[in-house]
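Notes to accompany the following structure.
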Amino acid sequence: MNQDLTGELPHLVLSEDGSYYLQGGHNEASGKYVFPLMGGDKEFFQPVPLKREGTIWSFTVQRFRPKTPPYAGPDDFVPYLVAYVDLPGQLKVEARLVDIEEDDVEIGLPVELTVIPDITGEPGSVMHAFRPIETRAA
Amino acid sequence: MTDVGIIGVGIHPFGRTEGRSGIDMGIYAVREALSDCNLNWEDVQFAYGGSDASGNADTMVKQLGLSGVQFVNVKNGCATGGSALYAVASTIKAGEYDIGLAVGFDKHPRGAFNPLPEEWGLPDWYGAQGYMLTTQFFAMKIKRYMHDFNISDLSLGRISEKSFANAEHAEHAWRRSPVSLEEIMESPMVNDPLRKYMFCSPAEGGVALILASEKKAREIGAPFVKLDAAIMRTRPQGSFEVFATSVDNDIDGSATRLASQAAFELAGIGPEDFDLAQIQDTDSGTEIIHMAENGLCADGEQEQWLAEGKTLLNGKLPINTDGGCIACGEPIGASGLRQVYENVVQLRGQAGARQVQNDPRVAYSHVYGAPGVSAVTILRK
């Protein structure tokens, strides 16, 4: 049993091929997944890259600015889309939705992981989001 | 075991009371409850009480009287009141004491709650990036529920319309002016599909309940409403609850389902026996979901129930007869006890213009909150 429960593993990881993935946890015995992998979870879960593609399970629009703290976004607020994304065979993760109009979002829509500039404005820092998978014309 | 019940109830009006602290609202409620059953503070043998954000309940002995009474503070989020009630009831059932107090109060600033990630076992980025909002969760839960069970936007409006209509007749409610269905459906969107008039707001208020053994109640000649069950539960594996950074693929069960089932088993009765119910309505979607999670109806039946007015004051099963959280607001520590207060008033037949007709005998209450806690009660006269 891993009793080193200190420290939070990064939830968003840059892989060697230059793409990002979400890092979750997996318990092989129970088949359960968790995201993110917090210190206390390390007793039961092994770090695992989560799938980059999934479908929208549910969504809403955040139309008022959350209070600070804990919210660290700019004072100048723009409503944003939030969803639970179903990563097949793994779990559903909560994430922002980008590159799509509110009226075009629907349950079941295929989406993929992307990154956007961190709302805290820290230079070079990014945060995870999902965007529609483009249906490319032949 | 000894039968336990409620003999005295007191409430400080919910809403906003400038210049009065949360704990003073709790004290006000305790005095009302004592007066309701003609007892003095010195008659109270022990107490459990709490608030989420307004201080330590036991400090109220300074105003109520330094009787040396055993007074335990409870801090259990939205289940604070329910947990206090459970503790008082259990102590009396065990025969240790005969008369106890459960009290809850709170006073929250305006606007949405702003919990901090580290206090909820969550990473800082979850709050910083704008995910840590109860309204966001409830919106996404009802969005999916409406998709799965064909619930219409209009049903969301009907819940709020009922809440404001009922609250007009509840002296302790905050928002007591009826709001038309049209106005509700045209109010600004807050977290789609939930609109401004579909949400409750953090608020202020206090509630106190005096509990006693049945024997003691008879001795002092106080009216006795029997507490058949007081249960608190946390979330099971696979449930979808507030502040979920991720959710299992197989969603199954909830803190509410566990608590309600345990209460039905303990009381030996179920939803078909209830004459009225108070259930958690953080927003109108939450009331719809909780109708099913508490077993009051099957998933999807809400659409027809609401169209037929089954949960109105004169319906088959009146729900949130004082307007619920939507009309009373939500002082976290007091909210669950308000539901029990309302049920006692209804069972005694003292609810005036909002009285449920045909002599109600069994009443149910259910509170729910982050991070997946639920407390329910069943009262019987």
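The values are calculated or read from the model by the stated rules, or taken from the named source; none is laboratory data. This one's a predicted model, so the numbers in the text were calculated from it and none came from an experiment. When we count neighbours, we look across all protein chains shown, and the Cβ atoms used for this are built from the backbone with ideal geometry, even at glycine.
Below, the figures for the structure above:
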{"quantity": "Test: residue in segment B:263-279 that is crowded, with 18+ Cβ neighbours inside 10 Å and assigned to a loop (DSSP other than H, G, I, E, B)", "calculated": "yes"}
{"quantity": "A:T120 surrounded by fewer than 21 Cβ atoms within 10 Å (Cβ to Cβ) and outside the structural domain of A:V13 (by TED's automatic domain parsing)", "calculated": "yes"}
{"quantity": "Some residue of segment B:305-316 being over 14 Å from B:H366 (Cβ atoms), out of contact with any helix residue (DSSP H, G or I) (no Cβ under 9 Å at 6 or more places or on another chain) and in contact (Cβ under 8 Å) with a residue 12 or more places away in the chain", "calculated": "yes"}
{"quantity": "Residue check, B:N191 of a type outside the set (V, I, T), closer than 21 Å to B:I11 by Cβ and touching a Ser or Thr at 6+ places or on another chain (Cβ under 7 Å)", "calculated": "no"}
{"quantity": "Residue list for segment B:314-358, filter: surrounded by fewer than 16 Cβ atoms within 10 Å (Cβ to Cβ) and outside any loop (DSSP other than H, G, I, E, B)", "calculated": "B:G352, B:A353"}
{"quantity": "Failed criterion for B:T311 (all others in (1) surrounded by fewer than 21 Cβ atoms within 10 Å (Cβ to Cβ); (2) assigned to a loop (DSSP other than H, G, I, E, B) hold)", "calculated": "(1)"}
{"quantity": "Search result, residues across segment B:238-250 that are facing another protein chain (nearest Cβ under 9 Å) and closer than 17 Å to B:T286 by Cα", "calculated": "B:F240, B:A244"}
{"quantity": "Single residue of segment B:180-194 satisfying the filter (within 13 Å of another protein chain (Cβ to nearest Cβ) and in contact (Cβ under 8 Å) with a residue 24 or more places away in the chain) that is surrounded by the most Cβ atoms within 10 Å (Cβ to Cβ)", "calculated": "B:N191"}
{"quantity": "Filter result (more than 10 Å from every other protein chain (Cβ to nearest Cβ) and not in a loop (DSSP other than H, G, I, E, B)) within segment A:18-34", "calculated": "A:Y20, A:Y21, A:Q23, A:H26"}
{"quantity": "Matching residues in segment B:247-268 - criterion: being of a type outside the set (A, V, I, L, M, F, W, C) and either touching a Ser or Thr at 6+ places or on another chain (Cβ under 6 Å) or on the phi < 0 side of the Ramachandran plot (or both)", "calculated": "B:D248, B:N249, B:D250, B:D252, B:G253, B:S254, B:T256, B:R257, B:S260, B:Q261, B:E265"}
{"quantity": "Looking only at segment B:97-112, and only at residues there that are crowded, with 19+ Cβ neighbours inside 10 Å and in a loop (DSSP other than H, G, I, E, B), the one that is nearest to the other protein chains (Cβ to nearest Cβ)", "calculated": "B:A112"}
